[in-house]
Amino acid sequence: MGRDVIIACDFSSKDEVINFLSKFTDEKPFVKIGMELFYAAGPEIVKEIKAMGHKIFLDLKLHDIPNTVMKAMNVLSKLDVDMCNLHAAGTIAMMEAAIKGLTREDGTRPILIAVTQLTSTSEERMNEELLINKPIDEVVMHYALNAKKAGLDGVVCSPLEAAKVHNICGDDFVTVTPGVRFADGDIGDQVRVTTPAKAREIGSDYIVVGRPITQADDPVAAYRRCVAEFVG
Ligand code: C5P
């Protein structure tokens with residue numbers, strides 16, 4: 001799987017996202033559609049962006065009983081998304097059911113990745129509220145291994161964890177990493193950030209970049225800079 005830059009299109013309406021994407025005339029970036037836009041604009045937005053020629057990572061983080069996830073994934077697969085995700089906390093049985101639901105009649109399916117522990121969950125809260133009494137790093141790597149056992153393609157993780165995930169789960173196991181900022185840019189509310197060049201060095205397969213591109217004065221130039229640093 002080749003390295004690529006995924007733009008997090010965190011917009012709240014169809015008009016905003018279409019207006020943003022129409023600035024890209026020479027290239028068709030891989031885009032991430034999250035819950036806000038999907039719940040506001042519905043499945044039609046996926047079809048429309050797909051028809052514009054973009055690849056789509058649909059970031060809906062499914063987590064339910066295996067049968068429900070299997071059926072929901074089947075719907076997402078028919079939307080022809082290129083990548084989607086779920087919570088590894090749903091268990092190996094849920095992840096296996098997800099793959100079953102995603103797999104099309106011809107054997108193809110979107111890339112499926114797992115969220116391990118959200119970066120908003122601290123070790124303290126995980127220990128005290130969720131009663132998971134282990135170091136968070138160990139939990140993240142264990143969930144990544146569960147995802148691999150279930151047949152998933154990879155995980156969402158911090159670029160700083162990407163090398164370790166590859167060591168434990170193998171080089172082919174995909175790492176999709178947010179928390180990317182240019183060396184001279186604002187970090188905003190992200191805490192542990194990495195530049196696109198550093199993410200490449202550490203071995204991320206995909207970087208997810210939002211505001212450094214969406215809020216830039218020249219988004220196309222910012223996207224190209226990301227690609228130049230990360231893909232080369
Ligand atoms: O604007 P920014 O580059 O911070 O956007 C990063 C994107 O990646 C957002 O859509 C955010 O929700 C997502 N994300 C993240 N950190 C995680 C998981 C997802 O920033 N641990």
For this session: Consider residue 153 carefully, then state whether it is modelled with pLDDT of 95 or more, surrounded by 17 or more Cβ atoms within 10 Å (Cβ to Cβ) and of a type in the set (Asp, Glu).
Result: yes
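Give the residue that is nearest to residue 53 (Cα to Cα), with candidates limited to residues of the range 7-22 that are among the small types (Gly, Ala, Ser) and either more than 14 Å from the ligand (Cβ to nearest atom) or part of a helix (DSSP H, G or I) (or both).
So the first thing to find is which residues in the range 7-22 are among the small types (Gly, Ala, Ser), and the list is 8, 12-13, 22.
Remaining after also requiring either more than 14 Å from the ligand (Cβ to nearest atom) or part of a helix (DSSP H, G or I) (or both): 13, 22.
Working: 13: 19, 22: 11 Å.
Selected residue: 22.
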For this session: Just one of (1) open to solvent by 10 Å² or more (accessible area, probe 1.4 Å); (2) touching a helix residue (DSSP H, G or I) at 6+ places or on another chain (Cβ under 9 Å); (3) outside any loop (DSSP other than H, G, I, E, B) trips up residue 33, so point out which.
Result: (1)
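Between 52, 1, 70, which is at pLDDT below 95 and either of a type in the set (Asp, Glu) or more than 14 Å from the ligand (Cβ to nearest atom) (or both)? I'd like the intermediate steps shown before the answer.
Details: 52 fails: at pLDDT below 95; 70 fails: at pLDDT below 95.
Testing whether each residue is at pLDDT below 95 and either of a type in the set (Asp, Glu) or more than 14 Å from the ligand (Cβ to nearest atom) (or both) leaves just 1.
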For this session: State all residues of the range 113-137 that are away from the ligand (no atom under 16 Å from the Cβ) and either open to solvent by 100 Å² or more (accessible area, probe 1.4 Å) or closer than 21 Å to residue 58 by Cβ (or both); if no residue qualifies, say none.
Result: 124, 128, 129, 131, 133, 134
Exercise. Condition test on residue 101, is it touching a helix residue (DSSP H, G or I) at 6+ places or on another chain (Cβ under 8 Å), open to solvent by less than 70 Å² (accessible area, probe 1.4 Å), away from the ligand (no atom under 15 Å from the Cβ) and at positive phi?
Worked result: no
For this session: Read through the list (1) basic (Lys, Arg); (2) open to solvent by 70 Å² or more (accessible area, probe 1.4 Å); (3) assigned to a helix (DSSP H, G or I), then give the number of the only condition that residue 50 fails.
Result: (2)
Problem set entry | Pairs where the first residue, in the range 152-166, is farther than 24 Å from residue 109 by Cα and the second is of a type outside the set (Gly, Ala, Ser) and part of a loop (DSSP other than H, G, I, E, B), C-beta under 7 Å, 6+ apart | 158/119; 158/192; 160/192
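The values are calculated or read from the model by the stated rules, or taken from the named source; none is laboratory data. These numbers come from a predicted model, not from an experiment. FYI the Cβ positions are ideal-geometry reconstructions off the backbone, even for glycines, and counts take in every protein chain you see. SASA here: full protein model, heavy atoms, side chains in, ligands and nucleic acids out. Shrake-Rupley method; radii C 1.70, N 1.55, O 1.52, S 1.80 Å.
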